[in-house]
Amino acid sequence: MPKLVIDGTEVEVEDGTTLIQACEDAGVEIPRFCYHERLSIAGNCRMCLIEVVGSPKPMASCALSVNDLRPGRDGEPPEIKTNSEVVKKAREGVMEFLLINHPLDCPICDQGGECDLQDQAMAYGVDSSRFALNKRAVEDKNIGPLIKTIMTRCIHCTRCVRFMTEVAGVEELGAIGRGEDMEIVTYLERGMTSEMSGNVIDLCPVGALTSKPYAFSARSWELRKTESIDVMDAVGSHIRVDTRGPEVMRILPRVNDSINQEWISDKTRFIWDGLRTQRLDRPYIRRDGKLVAATWEDAFKSIADKVKETSADKIGAIAGDLAGTEELFALKQLLTGLVVKNLDARPAGGAFDPALGRGSYLFNSTIEGIDDADVILLVGANPRHEAAVLNTRIRERWLSGELQVGLIGEKVDLTYDYEYLGSGMKTLQDLVSGQHTFSAGLREAKQGLIIVGSAGYSGQHGRSTLALAAKLAENCGLLSEEWNGFNVLQNSASTVGALDIGFVPQSSGKGRDEIVKAANEGELDMLYLLGADDLADLRENDCFVIYQGSHGDHGAHLADVILPGAAYTEKSAIYVNLEGRPQSTTRAIFPLGEAKEDWTIIRALSDYLGQTLPYDNLGQLRAKIIDAHPHLAELEQVQPASSGDVTSLANLSKDIGDEPFGPAVKDFYFTNVVARASAVMAEMSALMNGANQGATGTDG
C-alpha cells in the first residue's frame with residue numbers, strides 16, 4: 001500500500017485513496033465545500049488545497065489520488081503539508097473569492113448556526129476583503145413546496161446537482177450560464193418530484209437551499225435533539241427529531257451505513273407537521289350517534305360492559321402500520337386472556353405465516369447485501385415508493401455496472417434501467433419452470449436477489465406469489481448458509497415485529513380480511529382497532545368499534561369508543577425493520593393532552609376487564625417480551641433467519657392467478673395516518689397528481 005508523510009507523520013493508505021481521505025484518516029481536518037464522500041468528485045470549490053512538497057502550487061486534495069504522487073529522488077514517500085504558510089494563504093484567498101458575491105446575511109439566514117461557510121470563514125478566512133464591487137443578485141427559484149431557494153447565497157459547489165443525478169436518479173437540477181452568470185436551476189422552474197429531494201437541504205453548505213416548511217421557525221441552538229428511528233416505512237432509517245417545547249420542529253437523518261447511509265425520504269423528513277394536526281387528545285364515547293368527550297374511566301367502563309355481554313368468538317382485533325411491539329405484545333396478551341382468537345396485523349391477504357419461520361417474511365439478504373448483488377428480480381415491487389432509501393442503494397449498485405435488474409409487475413420509473421419481464425404470476429411461473437431467459441441469469445448469479453413487494457404478497461394470491469418466489473430462489477441456488485437471496489419488501493413499520501410476536505389469528509381464528517367481512521355482515525359484535533386506519537373496506541355497521549390511536553382518521557370515524565394514543569415521536573417503542581433488526585424509538589416530546597403511551601392504555605384497560613397484565617412500567621414489559629422473544633433484546637443487530645424457512649414456504653401449494661400485479665403504492669405521500677394529516681404531504685401529493693396550483697413556472 002502507498003505511504004505518505006502528512007504533516008511530518010508517515011501513514012499507509014489503500015490504493016486509490018484521495019488525498020483528502022488520506023488526511024482525514026490521519027486525523028487532519030481538511031476544509032471543503034464541493035467534496036462529499038458519497039458523491040462524485042467535482043473539484044470546483046478549491047477550499048481543500050494542500051501543499052505537496054515539490055509541487056509548484058497548492059493542489060486540490062479531493063481530486064488527487066495517492067497514486068498520482070511520485071516518491072522522492074531516493075524513494076522516500078511523498079510529503080504533504082496541510083498547515084503551512086502556503087496552504088494558509090491559499091485557503092484565505094479562496095475564502096475571499098467565495099465571499100465576493102455572498103450576501104453575508106447571517107443574522108437572517110436560516111442556515112445560521114449550522115452553516116459550513118460560516119464555520120470555515122471563521123476558521124480559515126481573513127477579517128477583511130480587498131473587493132468592493134457590487135454583489136451579484138440571483139433570482140430565487142420555485143422548485144416546489146419542500147425546498148426554499150435563496151440563490152444569491154449559492155457558491156456553485158454543485159452538491160445538489162450531483163445528488164439529484166447520482167443518488168436520487170432524477171435529473172431535475174442542473175447549471176446554466178458560465179462564471180459569474182452560472183445558476184443552479186430546474187430548467188423549466190418546476191416543482192421537484194423526487195421522493196429524496198429534501199436531502200439537498202442537508203448537502204447545501206451555505207443556505208441557498210433550505211427547508212420551506214421549517215423556514216423562520218426556530219434556530220438550531222433552540223432545539224432539543226433526540227435520536228430516534230423512522231416508521232414511515234419498514235427500512236428503519238436512523239433519524240434525529242428536533243423539538244422545541246411540546247412541538248416537533250423538524251426531522252433530520254443520522255448516519256448509519258448499514259441502513260440509510262445518511263439519506264432519508266421526503267416523507268420521513270417533512271411528516272412532522274402531521275404530528276400535531278387532526279390529533280386525538282382525549283377519550284371519546286359515541287352517544288346518540290355523536291362522539292362526545294369522556295373520561296378515561298368512562299371509556300374503560302363502556303368497553304368492559306360490552307366485553308361482558310360479548311362472547312370471545314364475536315370479538316376481533318386489527319393492528320395498524322405504526323404500532324410498536326410493546327402495545328402489540330400487551331394487546332395480544334390481553335386478548336389471549338379473554339380467549340379471543342380473531343386478531344391480525346398483516347397486510348390485506350394475510351400471506352405471511354410465522355409458523356413457517358422468520359425467513360419467510362424478512363429481507364434476508366439485508367440492505368447492505370444489495371451492495372454485493374449481481375442480479376435482482378423485483379416481483380410486484382416498486383422499491384422507489386415502498387422503501388425510497390433502499391431504492392437508492394439498488395441504484396448505487398446499478399451505477400457500478402455490475403447489476404442486472406428484472407421486474408415483474410407494473411411498469412414504473414425506478415431511476416435505473418431494468419428488463420421488463422411481465423405483469424403477473426404467469427411470468428413468475430415461467431421463471432420457476434426455466435422457460436424464461438431471465439431465469440438463466442439468476443442461476444448464474446453469484447449473489448442474486450429476489451425481492452417480493454406489496455403488490456406481490458397482498459391480495460388473493462399473495463401466499464402463492466411468495467411460494468413461487470421462494471421456489472424460484474431454491475431452483476436458482478440462491479439459498480445457502482452464506483447467502484439467502486429470498487427477500488420480502490415489507491412497507492409497514494409494525495409488520496415484522498407483529499409477526500415475530502405472533503400477532504396473527506390463533507388456531508381457528510379469523511384473519512384481517514375475514515374480520516372485516518364478519519364486521520360488515522353483522523357476524524362480529526366487537527372490533528378493537530390498534531391504530532388501524534387503512535381499512536377502506538370496513539363500513540359503518542352495528543359492530544362496537546374501539547379505536548386506539550393518535551389521529552382522527554378513518555378508524556376514529558367508525559369508532560364507538562376512542563382511546564387517544566401516542567405518535568411515534570412521543571413514546572419509546574421497539575420496531576423491527578424489514579431485515580429483522582430490532583430498533584427503538586426514543587420519546588422526544590410527551591403525548592398531547594390526555595393521550596397516553598399505547599401500552600399503558602392496554603395495561604389500564606386490563607384492570608377493568610379482570611385480566612390484569614403483569615407489568616407496571618416499560619422495563620417490566622420489555623423483560624416479558626424478551627423472555628418470550630429473546631432476539632428482540634439485540635437492538636440494532638440482525639439475527640439471520642434459516643434458509644430452511646424459505647424452503648418450507650416453497651413447498652406450499654400454489655394457486656396461479658391470471659390477473660396482473662397492481663400498483664405497489666397508490667400514493668407515496670399518503671401511506672399512513674400521519675402522512676394524511678400533513679399539509680406538506682398533501683401539497684406534494686397534489687403536485688405529483690398534477691393538481692398543484694402554480695407549481696410549474698411555465699403554467700399559464
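Selection within segment 666-681: residues that are surrounded by fewer than 17 Cβ atoms within 10 Å (Cβ to Cβ) and more than 17 Å from the chain's Cα centre (by Cα). The member of this set that is modelled with the lowest pLDDT is LYS666.
Could you tell me whether ASP344 is under 30 Å from ARG38 (Cβ atoms), under 25 Å from the mean Cα position of the chain (by Cα) and in contact (Cβ under 8 Å) with a residue 60 or more places away in the chain? It would help to see each step written out before you state the result.
Values: under 30 Å from ARG38 (Cβ atoms): no; under 25 Å from the mean Cα position of the chain (by Cα): yes; in contact (Cβ under 8 Å) with a residue 60 or more places away in the chain: yes.
So ASP344 fails the test.
Here ASP655 fulfils each of the conditions (1) charged (D, E, K, R); (2) open to solvent by 40 Å² or more (accessible area, probe 1.4 Å); (3) in a helix (DSSP H, G or I) apart from (3). Taking ASP15 and the conditions (1) in a strand (DSSP E or B); (2) surrounded by fewer than 20 Cβ atoms within 10 Å (Cβ to Cβ); (3) not hydroxyl-bearing (Ser, Thr, Tyr), which numbered condition does it fall short on, given that it satisfies the others? Here ASP15 clears every test but (1). When ASN101, ASN134, ASN83 are checked against the criterion of being in contact (Cβ under 8 Å) with a residue 40 or more places away in the chain and exposed (fewer than 14 other Cβ atoms within 10 Å of the Cβ), ASN83 stands alone in meeting it. Annotation note: Cβ proximity below 7 Å between a residue of segment 286-315 that is more than 17 Å from CYS543 (Cα to Cα) and a residue that is hydroxyl-bearing (Ser, Thr, Tyr) and modelled with pLDDT of 95 or more (sequence gap 6+ or interchain) occurs for VAL292/TYR284; ALA293/TYR284; ALA294/TYR284; PHE300/TYR608; LYS301/TYR608.
Among strands (runs of 3 or more DSSP E) lying entirely in segment 238-351, which contain 1 or more residues that are at negative phi and open to solvent by 30 Å² or more (accessible area, probe 1.4 Å)?
Numbers: elements: 238-244, 247-253, 284-287, 290-293, 315-319, 342-344.
The qualifying strands (runs of 3 or more DSSP E) are 238-244, 247-253, 284-287, 290-293.
The sole residue among ARG282, ARG250, ARG244, ARG276 that is closer than 25 Å to GLY552 by Cβ, at pLDDT below 95 and not hydrophobic (A, V, I, L, M, F, W, C) is ARG276. Among the residues making up segment 470-498, those that are within 18 Å of LYS654 (Cα to Cα) and either open to solvent by 10 Å² or more (accessible area, probe 1.4 Å) or among the aliphatic types (A, V, I, L, M) (or both) are ALA470, LYS471, LEU472, ALA473, GLU474, ASN475, VAL488.
Could you tell me whether any residue of segment 38-53 is farther than 22 Å from ASP15 by Cβ and not in a loop (DSSP other than H, G, I, E, B)? Break it down into steps so the answer makes sense when it comes.
Taking segment 38-53 as the starting set, the residues that turn out to be farther than 22 Å from ASP15 by Cβ are 42, 44-47, 49, 51.
Checking the rest, the ones that are also not in a loop (DSSP other than H, G, I, E, B) come to 49, 51.
Within segment 38-53 (the criterion being farther than 22 Å from ASP15 by Cβ and not in a loop (DSSP other than H, G, I, E, B)), the answer is yes, since at least one residue qualifies.
Total residues in segment 607-662 satisfying the condition of being touching a Phe, Trp or Tyr at 6+ places or on another chain (Cβ under 9 Å) and of a type in the set (Phe, Trp, Tyr): the figure is 2. For segment 352-374, a residue qualifies if it is open to solvent by less than 10 Å² (accessible area, probe 1.4 Å) and either in a strand (DSSP E or B) or without any contact (Cβ under 8 Å) to a residue 40 or more places away in the chain (or both), and exactly one does: PHE363.
Restricting attention to segment 512-532, which residues are open to solvent by 10 Å² or more (accessible area, probe 1.4 Å) and closer than 27 Å to LEU632 by Cα?
Restricting attention to segment 512-532, the residues satisfying the condition of being open to solvent by 10 Å² or more (accessible area, probe 1.4 Å) are 512-514, 517, 520-523, 525, 528, 531.
If the condition is that a residue be open to solvent by 10 Å² or more (accessible area, probe 1.4 Å) and closer than 27 Å to LEU632 by Cα, then ARG512, TYR528, GLY531 are the ones that fit.
Name the one entry in GLU172, GLU180, GLU166, GLU189 that is touching a Lys or Arg at 6+ places or on another chain (Cβ under 7 Å), closer than 25 Å to THR392 by Cα and in contact (Cβ under 8 Å) with a residue 12 or more places away in the chain.
Details: GLU172 fails: touching a Lys or Arg at 6+ places or on another chain (Cβ under 7 Å); GLU180 fails: closer than 25 Å to THR392 by Cα; GLU166 fails: touching a Lys or Arg at 6+ places or on another chain (Cβ under 7 Å).
The conditions single out GLU189.
No other residue among PRO56, PRO77 is part of a loop (DSSP other than H, G, I, E, B), in contact with a strand residue (DSSP E or B) (Cβ under 6 Å, 6 or more places away or on another chain) and over 24 Å from VAL185 (Cβ atoms) apart from PRO77. Between ASP25, ASP7, ASP15, ASP68, the distinction of being without any contact (Cβ under 8 Å) to a residue 12 or more places away in the chain and either hydrophobic (A, V, I, L, M, F, W, C) or more than 27 Å from SER128 (Cβ to Cβ) (or both) belongs to ASP68 only.
Would you mind finding the one in PRO630, PRO591, PRO614, PRO663 that is touching a Lys or Arg at 6+ places or on another chain (Cβ under 9 Å) and either at pLDDT below 95 or open to solvent by 60 Å² or more (accessible area, probe 1.4 Å) (or both)?
Values: PRO630 fails: touching a Lys or Arg at 6+ places or on another chain (Cβ under 9 Å); PRO591 fails: either at pLDDT below 95 or open to solvent by 60 Å² or more (accessible area, probe 1.4 Å) (or both); PRO663 fails: touching a Lys or Arg at 6+ places or on another chain (Cβ under 9 Å).
From the options PRO630, PRO591, PRO614, PRO663, the qualifying one is PRO614.
The values are calculated or read from the model by the stated rules, or taken from the named source; none is laboratory data. Only a predicted model underlies this, so the values are computations on that prediction, with no experimental measurement involved. Backbone-built Cβ (ideal geometry, glycine too); neighbour counts: all protein chains shown. Ligands, DNA and RNA are stripped out before the accessible areas are found, and what is left, the full protein with its side chains, is counted by its heavy atoms. Shrake-Rupley method; radii C 1.70, N 1.55, O 1.52, S 1.80 Å.
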